[in-house]
Amino acid sequence: MASASKFIGMTMHLSLIQQLRRHPLAGMMGGSALILFVCSSLRHALFNSNAWDLGIFDQVIYLISQGQPPFSSLLGFHILGDHATGIFYPLALLYRLTPDVHWLFAVQAIALSLGALPTWRLSLQAGLKPSQALLMAGVYLLYPLIFNVNLADFHPDVMAVPALLWAVLMARTGRPVWFGINLILTLSCKAVLALTVAALGVWLLVVEKKRGYGAIALGAGVAWFLIAIQWVLPTFGSGVGAVARQAGRYAYLGGTPLEILTHLVIRPDLILGKIASVDTVEYLLLLSLPVLWGLSFRHFSALIPAIPALALNLLSMEAGMRNLVHQYTLPILPFLLLVVIATVADQRHWLKSQRAIALWSIVAFLALAKYGFFWSKYTDSLDTWEATQGAIAQIHTEGGVLTTNNITPHVTHRPMVQFTDKKRPIQWADFDYVLLNVRHPGWRSSPEFATHLVETLQQMPAFQQTFNRDQVYLFERRQFTAPLLPRVTDP
């Protein structure tokens, strides 16, 4: 029986692959992945990627690939102490082929584009016509968050988007093994996604009546969340430092996850001001605008799994969690699409024409996607591009590097790398190279601070200046030879 089930599963996958080879969806996903990969690679090449978070992830994945502990010199602790992200270990297999940050850009572009496939399958499963299902895949690909988050460095969260969509499809079609695999993939991307998985379980239990699948998701989500916050993060994150860092976004609710959850229940007055605010209205409008034509309150139950991510974003003190630019909104998107699919299947969408829906999606993309950065903010440092490339080429060893925030992701294949921060004291003994761009000093720095560092280094006997062009400076540690001491003999 098990062999027959396995054979049927393999046959279905082969049939799907054969279908896609000649299907317009394959071209849509392939074109999307190529565009996303080129855009993120170009952004990086123009020195607009950041130490946080691309530099962090690139460094630790490189270290894992080299058999070294993934201790992030940028964070100051083991990477599992950040978000309990286990997916970095299999990603390191790619770096064993060749250590290159472009692997991350490729994985991100493919993952984001692949979300169109389960969207299409879920649409067909809901009873939509093939042309409507293909349109839903296009709506997904044109949702502005997909393009924007691809330009926000790299985040493993992107892999959770197709995984969550596949998990829903596997639950609806009775595929427990693949359902479990997609849950594991989601949980390995980020500890906080355990809350989304748990809420998915509640939805499957209560709304979808998939009791076995719901119990698995609810149990796995709750268990992993407790393990992560009680053991993984404190153990690998230098005590409770990593947990406190994440909880700091909700400091007005408490200092630990348990205090925050407690205050959410016993002190609702603390959150009313956050929820009933202009920021909330603006964020909800941004979320819904690209698919507003297909939202019906009748099908809002599909948003139950999105509640944890939505609540975390609305209650956070960090404004960057409430936009269509960063990764924090990603866990909401799959379930927003489920609402749209159910609304279209129920024929309650108020834009009936497929051409009008496509036009709406295109206009929303043009209005909210950040493609304009390529001819505005991303070109600001072109005047020092060649000089920066030349300075990087002169870093010949894996010795420690101190540089600017934007150069950091280009020199992270080493155990020690840091970026200049005017609020943080510099431990000069940690570095063999110091690379500074005075004209474009980067985040947490300034031209005045960068100039001060250059002048300081020029007076330090331990360093010698080896590059100076267009206000880009490279200093290298001198290799001192201990002087011979005269032999002391007995009289």
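The values are calculated or read from the model by the stated rules, or taken from the named source; none is laboratory data. These numbers come from a predicted model, not from an experiment. Methodologically, a virtual Cβ is constructed for each residue, glycine included, from the backbone with ideal geometry; neighbour enumeration extends over all protein chains shown. Remember, those area values only see protein heavy atoms, side chains included, never the ligands or the DNA or RNA. Shrake-Rupley method; radii C 1.70, N 1.55, O 1.52, S 1.80 Å.
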Please list 278-291, 77-90, 111-124, 214-227 highest first by mean number of surrounding beta-carbon atoms within 10 Å per residue. 111-124, 77-90, 214-227, 278-291
The chain: angle of helix 56-65 to the longest principal axis, Cα-based, in degrees nearest 10: 80 degrees
Report, in whole Å, the centroid distance computed from the Cα atoms of segment 366-444 and segment 266-306. 38 Å
PRE zone check, label point 7 Å out along Cα-to-Cβ of Arg21, amide N under 20 Å, scope segment 110-139, hits 117
Rounded, prolate or oblate: which fits segment 170-293, taking a ≥ b ≥ c as square roots of the Cα gyration tensor eigenvalues, rounded meaning a/c under 1.5, else prolate when a/b beats b/c? oblate
For helix 333-345, what angle does its Cα long axis make with the longest principal axis of the chain, in degrees from 0 to 90 and rounded to 10? 20 degrees
Any idea of the accessible area per residue across segment 14-154, 1.4 Å probe, to the nearest Å²? 35 Å²
Rounded to a whole number, what % of the accessible area of the chain do carbon and sulfur atoms account for, probe 1.4 Å? 65 percent
Is the shape of segment 109-242 best called rounded, prolate or oblate, per the rule: a/c under 1.5 gives rounded, else a/b larger than b/c gives prolate, else oblate, with a ≥ b ≥ c the square roots of the Cα gyration tensor eigenvalues? oblate
Would you mind pulling out the separation of the Cα centroids of segment 133-160 and segment 70-97, in Å? 23 Å
Between rounded, prolate and oblate, where does segment 372-451 land on the alpha carbon gyration tensor, with a ≥ b ≥ c its root eigenvalues, rounded for a/c under 1.5, else prolate if a/b exceeds b/c? oblate
Holding the Cα-Cα limit at 32 Å, pick out from Lys190/Lys423; Lys210/Lys370; Lys377/Lys423; Lys129/Lys209; Lys274/Lys352; Lys129/Lys377 the pairs that are longer than that. Lys210/Lys370; Lys274/Lys352; Lys129/Lys377
